[in-house]
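Visitor: This is the structure, below, for whatever I ask next.
The values are calculated or read from the model by the stated rules, or taken from the named source; none is laboratory data. This one's a predicted model, so the numbers in the text were calculated from it and none came from an experiment. Virtual Cβ from ideal backbone geometry, glycine too; neighbours counted across all protein chains shown. All accessible areas refer to the heavy atoms of the entire protein, side chains included, with ligands and DNA or RNA removed. Shrake-Rupley method; radii C 1.70, N 1.55, O 1.52, S 1.80 Å.
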Amino acid sequence: METVAVIALKPQMELAEDVVDYQGKVIMKRNTVLDIHMIKKIQAHSITTVSIKEDEDYVPTYFEKLKVSKTFKQFEDVYAANFAAWKVAVDSFIYKKVPMNNSDLLKLTDNITMPFARQKSTIIDMLYVLQHDETDMTYAHCLNVALLCNTFGYWLRFNEEKLNTLILCGFYYDIGKFLLPNDIIWKKGKLSNLEFDLVKTHAFHGYHIIKDLDIDEHIKQAALMHHERCDGSGYPQKLALSEIDSFAKMIAILDSYEAMTSFRSYREPMCPFKVISIFENEGLQKYDAGFIMTFLERMVEEYMNKQVRLSDGREGVVVFINKQNLSRPMVHCGDDYVDLAQNKSLSIVSLL
């Protein structure tokens, strides 16, 4: 809702809260759609401001509300301007061999994140509802991971040097994909074995086009190793835990998370609790234990006290995090407390 001066009221605006006079008497109830006569009545009581519904007040879920909020519209504008600069930098590097300016890349993340540092809605949430044209998916994926690197580095309490290195890993790590056909990289159906073998070459391609640049060695290794997994199941070299660069281990987590939670033309983003569940079920052996647990714990904290809908249709509030089962917190539904860690037949399907 928005606080609006009475002199600025217009017909068809809808009250978000009761309008009361100086004695506390209700003179107009919430949900009233104003007409010119009602506005004059409010003005006659010497009331200066009233609460008016905004677009986000008319939609049911948390992410739908976020998507129509003024904050997100501002974020879209800021993101779009910096996305355009990022795209020019990548194209100049790939097609004209003009090195990217790392200071400028770091400024892109500051430009996008700083205006929203004090907002209730986090950058993670706003990236969740952001949409892109199919032709821009690879550009967006890299920029979004760089933004997630900024958040993750803050969670890990990195100093400025390590934080900047991690962010630059986010910008550079998938650069090899720009050398592959877009229709294969973002194919909607299952890749053939031949297509998957081609996609897997992007790690080598990325490493080879940046290996001679004057950048931190961690950035080069992140490009080469971000699909390696700690249990040896990754590619291209099937490296094991001790052989994988530490920054590549972090990028592996953020790369997977961004892929699952970002919008695609053929699917909606996954619910964050579903993504956390996938990591718990499939990823604890594949990813560095310290990094993945820090990431998952902090992600769950983002949704503490948020309203959610359960798979049986009930709605409630996340009130307790189960440290041993992060995707299955305790939810307060009316008079009941549902411990999802104990009730395996239920799950969180959406945020409200």
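Visitor: Which shape class, rounded, prolate or oblate, goes with region 244-331 when its Cα gyration tensor gives a ≥ b ≥ c as root eigenvalues, a/c under 1.5 marks rounded, and past that a/b bigger than b/c marks prolate? Present the calculation step by step, with values, prior to reporting the outcome.
Guide: Details: a/c = 2.38, a/b = 1.42, b/c = 1.68.
In terms of gyration-tensor shape, oblate.
Visitor: Which is farthest toward the positive dipole end of the chain among LEU106, ASN164, THR32, measuring Cα position about the Cα centre, with Cβ charges +1 (Lys, Arg) and -1 (Asp, Glu)?
Guide: Farthest towards the positive pole: THR32.
Visitor: Here is the link list: LYS70/LYS274; LYS67/LYS177; LYS97/LYS220. Which ones come out longer than 23 Å on Cα distance? Don't skip to the answer; put the middle values down first.
Guide: On the way: LYS70/LYS274 28 Å; LYS67/LYS177 29 Å; LYS97/LYS220 17 Å.
Long pairs (Cα-Cα over 23 Å): LYS70/LYS274; LYS67/LYS177.
Visitor: I've got another one for you. If you average the C-alpha positions of region 266-340 and of region 91-134 separately, how far apart do those two centres end up, in angstrom?
Guide: Centre-to-centre distance over Cα atoms comes out at 27 Å.
Visitor: If you build the convex hull over the alpha carbons only and average its shadow over all orientations, what do you get for region 1-151? Give it in nm² to one decimal. Intermediate values should be presented prior to the final figure.
Guide: Values: hull surface 46.9 nm².
About 11.7 nm², averaged over all directions.
Visitor: A follow-up question, please. So if I take the alpha carbon set of the chain, get Rg, then get Rh from the Kirkwood formula, what is the Rg over Rh ratio? Spell out each step's value before the answer.
Guide: Details: Rg = 23.8 Å, Rh = 22.7 Å.
Here Rg/Rh amounts to 1.05.
Visitor: With angles folded into 0 to 90 degrees, how steeply does helix 160-172 sit against the dominant principal axis of the chain? Use alpha carbons for both and round to 10.
Guide: 80
Visitor: Can you run phi through the Karplus equation (6.51, -1.76, 1.60; θ = phi - 60°) for region 284-298 and list ³J(HN,Hα) in whole Hz, with x for Gly and Pro?
Guide: 3J(HN,Hα) across region 284-298, in whole Hz: 5, 8, 8, 10, 4, 4, x, 5, 5, 5, 4, 4, 5, 4, 6.
Visitor: I need the peptides 235-241, 201-207 ranked by packing, meaning the mean over residues of other C-beta atoms within 10 angstrom, with the highest value on top.
Guide: Details: 235-241: 15.3, 201-207: 19.7.
Order by mean packing, descending: 201-207, 235-241.
Visitor: Excluding residues on the same chain fewer than 8 positions from LYS286, give the aspartates and glutamates whose Cα lies under 13 Å from its Cα.
Guide: GLU228, ASP231
Visitor: Which percent of the accessible heavy-atom area of region 223-274 goes to carbon and sulfur, probe 1.4 angstrom?
Guide: 54
Visitor: Among the GluC sites (Glu not before Pro) in region 106-201, which ones are in a DSSP loop with at most 11 other Cβ atoms within 10 Å of the Cβ? Mind listing them?
Guide: Of the GluC sites (Glu not before Pro), not one in the loops of region 106-201 has a Cβ with at most 11 other Cβ atoms within 10 Å.
Visitor: Under a 1.4 Å probe, what is the accessible area of the chain per residue, stated in Å²? Don't jump to the answer; show the numbers that get you there.
Guide: Working: 17660 Å² over 352 residues.
Accessible surface, normalised per residue, equals 50 Å².
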